[in-house]
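Values in this text are rule-based calculations from the coordinates and carry no lab data. A quick note: this is a predicted structure, and the numbers were derived from the prediction, not measured. When we count neighbours, we look across all protein chains shown, and the Cβ atoms used for this are built from the backbone with ideal geometry, even at glycine.
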Amino acid sequence: ETGAEGKSEEMKENCNSLNLLEMAAAPEPELLCIFGTGDLGRSLGFRLLQSGYKVVYGSRRPHSCGPLPQGAQVMTHEEAAKSADLIFVCVHREHYEFLTSIDHCLQGKVLVDLSNNLKKDIYPEANAVYLQRLVPKATVVKGLNTLSAWALQNGLLAGKQVYLCGESEEAKQAVARMATKLGLTVLDKGSLSAARELENFPLQLFPDWRLPLSIALGLTAFFFFYLLIRDVIYAYVEKNNDISYRIMVSLTNKVCPIVALIMLSLCYLPGAVAAFFQLYRGTKYRRFPNWLDRWMLCRKQMGIVALGYAFLHAIYTFIIPIRYSVRHKLISAVVDEVQQKNKTTPFDFDNTEAWGTDSFLSLGILGFFLFVLLGLTSLPSVGGSLSWREFSFIQSKLGHLTLFICTAHGYIYGWNKFLSSSTYKWYTPPGYMLCLIVPSVVLVLKLLLLLPCVDRTLTRIRQGWERNKPKENAGEIKATTL
């Protein structure tokens, strides 16, 4: 028993010795400093602590700066600057002056400027350039300014791209290692002269959505006032009939599908135009015009905006039967028919109007379903799970099929009204006729591109073939001959 006890004590001592060795071998967490105890500073400190760093805050009021993340220390600016080599400046440009008073503590330190401005070009120089001029003994790196306090607090950083710029490669590498440990993807934008560009990034308001939204709003305004004149004002002027109540639902329900169909066709029109550019030039290596490049880059946003208008059209169509005017009209029609004939008219199963109505509704439902399917594949989580061929098939083949079905939906809506003179109020065509122009053009262009002779040539061009190859140098030809 005594021997067994001795062995157990010896094993405990060995385990304790191993633990002490492991603790001694484990590197001490790196200490990082944060100037600023606002929302951004607290959120950044919380995320750094979660990533295994030690954090110290520099504050002008270290004893009354509010609650900080658990595990972080708080000191004066001077004390905090002496304790760490990497310092995050989470204060506004207007408060940079305090750094000049501790300039002697910042020699050799790396200052990461996270500041942003309220407007573009509000100052003659970028904040990071101004900061470098204030503390020339330190090395300033501009970066992480596209991160929000909310994203840091909630850990929404995985794969998020951030930008860095600075004069020192070593300083940028130190910041990049820290950012990578947080789960961020780092992109080096070069020297500190790119700081103004980085500071303008957060000030951009949906840059990829401006053109699609501008087109959608322009089409909405145009067709709203166009249909307002044709339907409401025309009825009041010519027939002294006040139908202004239709503005809220009926008129809106005409505008939404018109804009949705035009926006959907505008998603596929630039692809057809680009194909004809390549056919005309005989090569794929020449750049498209800038307006076409910009148009093609925002096709996804145009499709999503079109899907939103299609959703509004579906909702408005769904609520139409419960409107007071519709219910009153149906009840009045039934009562009048019973009073006049004392019986209802038997349904004619060969009625052309019934076939047209059912075809119109069926194409609308199918087109909306395919519309939603296209929208779902635009989501990164869905599109990322598809192969290139699957994604191309859905977005191109099913996309053009969706456009064809929705266009047919519009043609069937007015199949018996195109030649009627009463359709053209004040000699103007109805809105659904105008909206069929662009999708019809797109479908005709697509049919031309599907012709075997055209498709074969376009495929060769996109595989690298050129109609007019550059001539070889004459001297090289002679040398080869000799």
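In table form, for the structure just shown:
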| read-out | value |
| --- | --- |
| Virtual paramagnetic centre 7 Å along Cα→Cβ of Arg294, amide N under 16 Å, in region 195-214 | 205-214 |
| Selection of trypsin sites (Lys or Arg not before Pro), region 343-429, meeting DSSP coil and at most 14 other Cβ within 10 Å | Lys343, Lys417 |
| R0 of 22 Å, Cβ-Cβ distance Ile247-Ile315: FRET efficiency to nearest 0.05 | 0.85 |
| Dimensionless Rg ratio for the chain, taking C-alpha atoms and the 2.2 N^0.38 Å reference | 1.49 |
| Using alpha-carbon coordinates, inclination of helix 399-413 to the longest axis of the chain, degrees | 30 |
| Extended-chain gain in nm, criterion 0.36 nm per residue less alpha-carbon gap, Leu376 and Ile233 | 47.5 nm |
| Charge-dipole axis of the chain as Lys and Arg at +1 and Asp and Glu at -1 on Cβ define it, positive-most pick from Tyr268, Gly367, Ala408 | Ala408 |
| Principal-axis tilt of helix 324-341 within the chain, Cα atoms, nearest 10 degrees | 20 |
| Subset of Lys417/Lys446; Lys82/Lys160; Lys119/Lys160; Lys120/Lys172; Lys172/Lys300 violating a 29 Å alpha-carbon distance limit | Lys82/Lys160; Lys172/Lys300 |
| FRET efficiency, Leu156 to Thr220 (Cβ-Cβ, R0 56 Å, nearest 0.05) | 0.95 |
| Residue among Ile394, Ser43, Pro289 farthest towards the positive dipole end of the chain, charges placed on Cβ | Pro289 |
| Cleavage-rule hits (chymotrypsin sites (Phe, Trp or Tyr not before Pro)) in region 206-314: DSSP loop, at most 16 neighbouring Cβ within 10 angstrom | Tyr285 |
| Distant alpha-carbon pairs in region 20-144 (separation over 23 angstrom), percent | 32 |
| The chain - percent relative contact order, Cα under 8 Å, separation 6 or more | 11 |
| Distance (nanometres) between label positions extended 7 Å along Cα→Cβ at Val441 and Glu466 | 3.2 |
| Over the chain: helical MRE at 222 nm, DSSP H runs n ≥ 4 each giving -39500 (n - 2.57), nearest 500 | -17500 deg cm²/dmol |
| Region 207-462: radius of gyration over Cα atoms, expressed as a fraction of 2.2 N^0.38 Å | 1.20 |
| Phi to ³J(HN,Hα) by Karplus 6.51 cos²θ - 1.76 cosθ + 1.60 over region 283-291, Hz, x for Gly, Pro | 7, 9, 8, 9, 5, 6, x, 4, 5 |
| The chain: angle of helix 352-377 to the longest principal axis, Cα-based, in degrees nearest 10 | 10 |
